[in-house]
Each structure stands twice: as C-alpha cells, then as structure tokens.
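Heads up, the thing below is written out as structure tokens.
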Amino acid sequence: MKRYRTKGNLIFDGIVYLIMILVLLTCLVPFIYMFALSLSDPKAIVNNQVSLFPVGFNFEAYKQIFTYPNFFKAYGNTIFYTIVGTIISLAMTTLFAYPLSKGFLKGHKFVMKLVVFSMFFSGGLIPNYLMISNLHLTGTRWAMLLPFAINQFNLIILINFFKSLPVEIEEAAFIDGLSYFGVLTKIVVPLSKAALATVGLYTAVFFWNDWFNGLIYLDTSQFPVMLFLRNIVNGTTMVGDAAGSADKATIGISIKSAVIITSTLPIIILYPFLQKYFVKGLTVGSVKG
C-alpha cells in the first residue's frame, strides 16, 4: 500500500475521480432539472426561477398525464412487452449462443461471420416491414417481440461467456448421462446468471424504450407507453404554441418534463438491483490465463 500511494498514483486517482464526478453530474443534473420543472409552478418557469429544486410545488402536470385515456393501459402494454420480450429474447439467444460457443461445430465460423455481418448491414425499414407484414404479425403484439428477439451484440456476449466456462464440468455431466440440452439447462444456465442478467438488462431497456416499431406495426390500443407519451408531448406542444398563453405553454413544458420522469424512472429503479451482475457479466471471461 505504501508503494502504491506515490505522488503519481495519487494524482492519477484524483484525475479519475474528477472525470467520474463530471460524468455523473452530466447524467444526473439534467434529470434533476426535469424533475424540478415537472413539479414547479408555471409562473416560476416563466420567470426562469427553476434550477435544481422545484419552485412552488405543482402536481398539475402529473395529474394531467394520469387522466389521459388509456395511459395505464399503455403502461401495462410496455410492462408486457418488456417482461415477455426479455424472456423470449433470453431463451432464443441462449439456445443460439450455446452451440456457437463450441468450436468443433461444423459451420461454426460461417455462422459467426453471418452474425457479425448482420451487425453492420441490414435490409432496412421497408424490407423489414414487408417481411413482418407477410408473416401476418402487423397489428399483433408479436410484432414487438419476435422480430427483435435476438440481438447480435448480446449474442456475442453470451458466446464469449459460455466459452469461458470450464470444459471439465460439461464433460463430467456427459459422463453422468446428461444430453447437450440437459447440460445447458442444468449446468450452463445456472453458472451464467451474471451474463444472463447483463443481457436481460440490455434487452429490457430496449423493449422499454422502443416506440418507433410500435408506431409502425401496432394498433392504437396496443401502443407502448413511450409511444403514448410521445403523442402526449406532441399534443401539448401544439396546445402550448397555439394557445398563445404563457401559462399554457409552461404547462406544456411541465408535462414534457413529467413525461420524461414517468417514462425513465422505472428502468432507473431496476438498474441498481442488476448492477453487480451487469459488471460481472461484462468482465468474466474477458481475461483468460
């Protein structure tokens, strides 16, 4: 420890902590400012009195959001898409990643090249829409779940993690009479909780934030909350601009801020519970020796 606490190391640690604090403030301050705007009085917003603390508590923005028709239904849709989509994605990605983690599999390199190629090149919006339409998925909830079940980046994370697991454990399981599917479900998956939690977090964030695909493929009653709140923001913007009233315009700003808080808070609350798995899942298997 004495050797470590040299002047150069202390300066380096100070620079690292300073950068981390700046990054934290860059992410945290806008969120706090939005929260303050959502709870502030319209007059205080007009007079630019709001900084990081609410001025004149006002819950009108949240009341207006919660009284919108189908708001809670849209929230329920998003929860459904996030939970079911994450489960389907984890199952399909695991079933795809485990065989590709075996170097002796015939065609392994060719399939991996296809996976990497598809990361950089895709058919585009129109071919994707035609494919989903021909599969009769448009207007159904499956349009939000099946086409986006496997992400190439998440697939590569799981492949590398499975490669880092000791081969001897699988060989012992084969000797005991387990099949490849039995080894996957009873040995590999329980040992891969960190990687699965990492991939699950990535997937859950994607499904929670996804609104564009809902706009293209879904009916109004199936809209996720992000798309529903986007429509609210567009509506309040038009009302605020067209009304010509400073109060109504600032109420629109408050609603926008409340929309941001309402849509991002649940996934922010979820992240700390998965953080330890998130870090472990990215680091385990990255160094071998």
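Structure notes:
- Selection of first residues in the stretch 73-87 that are crowded, with 22+ Cβ neighbours inside 10 Å and of second residues that are not in a helix (DSSP H, G or I), restricted to Cβ pairs under 6 Å at least 6 apart or on distinct chains, gives the following pairs, ordered by first then second residue: Ala74/Phe223; Asn77/Pro224; Thr78/Pro224; Tyr81/Pro224; Gly85/Leu145.
- Hey, Lys163 more than 21 Å from Leu218 (Cβ to Cβ), at pLDDT below 85 and charged (D, E, K, R) or not: no
- Given (1) surrounded by 11 or more Cβ atoms within 10 Å (Cβ to Cβ); (2) farther than 12 Å from Ile253 by Cα; (3) more than 27 Å from the chain's Cα centre (by Cα), index of the condition Leu18 fails: (1)
- Some residue of the stretch 90-101 being among the β-branched types (Val, Ile, Thr) and more than 23 Å from the chain's Cα centre (by Cα): no
- Test set (1) polar (S, T, N, Q); (2) at pLDDT 85 or above; (3) surrounded by 11 or more Cβ atoms within 10 Å (Cβ to Cβ) - Thr26 fails condition number: (3)
- Only helices (runs of 4 or more DSSP H) whose full extent lies in the stretch 102-167 are considered here, and the ones with at least 1 residues that are touching a Pro at 6+ places or on another chain (Cβ under 9 Å) are 108-120, 125-134.
- Counting only helices (runs of 4 or more DSSP H) wholly contained in the stretch 193-289, the ones carrying 3 or more residues that are within 24 Å of Ala149 (Cβ to Cβ) and at pLDDT below 65 occupy 246-283.
- The selection criterion, being at pLDDT 90 or above and in contact with a Gly (Cβ under 7 Å, 6 or more places away or on another chain), holds for Leu90.
The values are calculated or read from the model by the stated rules, or taken from the named source; none is laboratory data. All of these numbers come straight from a predicted model, not from anything done at the bench. Backbone-built Cβ (ideal geometry, glycine too); neighbour counts: all protein chains shown.
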